[in-house]
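The values are calculated or read from the model by the stated rules, or taken from the named source; none is laboratory data. Computed from a predicted structure; not experimentally measured. Here the Cβ is made from the backbone with ideal geometry for all residues, glycine too, and neighbour counts use every protein chain on show. Just so you know, the surface numbers come from the protein's heavy atoms only, side chains and all, with ligands and any DNA or RNA stripped out. Shrake-Rupley method; radii C 1.70, N 1.55, O 1.52, S 1.80 Å.
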Amino acid sequence: MSKNIVVLVSGGGTNLQALIKAEKRGKLGDGKITCVISSKADAYALTRAKKAHIKTRTLVRKDYADIASYSRAMRDALLEEQADLIVYAGFMTILDESVCDAFQNRMINVHPALIPSFCGKGFYGLHVHEEALKKGVKVSGATVHFVTAECDAGPIILQKAVEVRDDDTPETLQKRIMEQAEWKILPKAVQLFCDGKIMVENNKTYLR
């Protein structure tokens, strides 16, 4: 029986597109993207979902008084959609434990750095790559991890390193990490999950 994948988005949806392409190639294992939920009404990711004939929903963060009420609404929406796996694909809101507890080890995120470097609150989008270049690191990359209530702290599933070049700007590094790492390891992690090949013990994952 196929697993329902719900993708959470806030922006352009390039990682969503990578997942849609992977599903078309049969590379999401037993998974099927059944719904895309956006925290912004004008996110281009919604257009990508509609073009792929995937159901969309909008839960606008600023329509809710606080993160607790927004998290409860998101949890209810995910339960309604019977989500087996929730994928953050450029989703910019940190949900509280009411969601993380309801879907423990069933929510995954892709982060554009090699965790534990350049991660945690405030490290998102181009900020991550600006800090990496400031530090002068020679490699960066991407990490797919399970989501917990603590930002970027859940068990790591996959990582992929990407070379940093001397003439990189935050924009060129972001593009290379997306193309060479994020768009490859996020679909791969989804496939591993849907095929039942990820075990979690003591905040570590073991791939079968």
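Please give every one of the aspartates and glutamates within straight-line cross-link reach of Lys55, meaning a C-alpha to C-alpha distance under 12 Å, and leave out same-chain neighbours fewer than 8 residues apart.
Once the sequence-local aspartates and glutamates are set aside, what remains near Lys55 is Glu81.
Where in the chain are the DSSP H helices whose alpha-carbon span along the long axis reaches 18 Å or more and whose Kyte-Doolittle mean is at least -1.0? Before the final figure, lay out each step's value.
Details: long enough: 67-80 (19 Å, 0.04).
Span-like helices, by this rule, are 67-80.
Restricting to the chain, what percent of DSSP beta bridges are antiparallel, rounded to 5?
Values: 15 of 33 bridges.
Counting only bridges with both partners in the chain, antiparallel ones make up about 45 percent.
Report, to the nearest whole %, how much of the accessible area of the chain belongs to carbon and sulfur atoms, 1.4 Å probe, protein only. Could the numbers behind the result be given before it?
Details: 5140 of 10400 Å².
Answer for the chain is 49 percent, counting heavy atoms of protein chains only.
List residues of the range 61-78, by number, whose backbone nitrogen lies under 15 Å from a label position 7 Å along Cα→C-beta of Arg106.
Inside the label zone: 74-78.
Mind putting a number on the dipole of the range 42-109 about its Cα centre? Charges go on the C-beta only, +1 for Lys and Arg and -1 for Asp and Glu, and I need it in Debye to the nearest 20. Display every interim value, and only then the final one.
Numbers: 10 positive and 10 negative charges, 89 e Å.
The dipole of the range 42-109 has a size of about 420 debye.
In terms of solvent-accessible area of protein heavy atoms at a 1.4 angstrom probe, what is the ranking of Ile5, Ile94, highest value first?
Largest to smallest exposure gives the sequence Ile94, Ile5.
Run the simple label-point estimate for Asp66 and Gln180 please: 7 Å along Cα→C-beta, distance reported in nm.
Calculated label separation equals 4.5 nm.
Kindly rank 155-167, 36-48 from highest to lowest mean number of other beta carbons found within 10 Å of each residue.
36-48, 155-167
Based on DSSP H runs of at least 4 residues, each adding -39500 (n - 2.57), what is the mean residue ellipticity at 222 nm of the chain after dividing by all its residues, to the nearest 500 deg cm²/dmol? Before the final figure, lay out each step's value.
Numbers: 7 runs with 69 residues, N = 208.
The helix contribution divided over the chain gives -9500 deg cm²/dmol.
Could you compute the net charge surrounding Ala89? Neighbours are other residues with a C-beta less than 12 Å from the C-beta of Ala89; K and R count +1, D and E count -1.
Working: positive: Arg48; negative: Glu182.
With Lys, Arg at +1 and Asp, Glu at -1, the net is 0.
Which of the aspartates and glutamates could a cross-linker bridge to Lys138, judged by Cα under 17 Å and excluding same-chain residues fewer than eight apart?
Filter leaves Glu130, Glu163, Asp166, Asp167, Asp168, Glu171.
Solvent-accessible area per residue for the chain at a 1.4 Å probe radius, Å²?
Dividing the accessible area of the chain by its residue count gives 50 Å².
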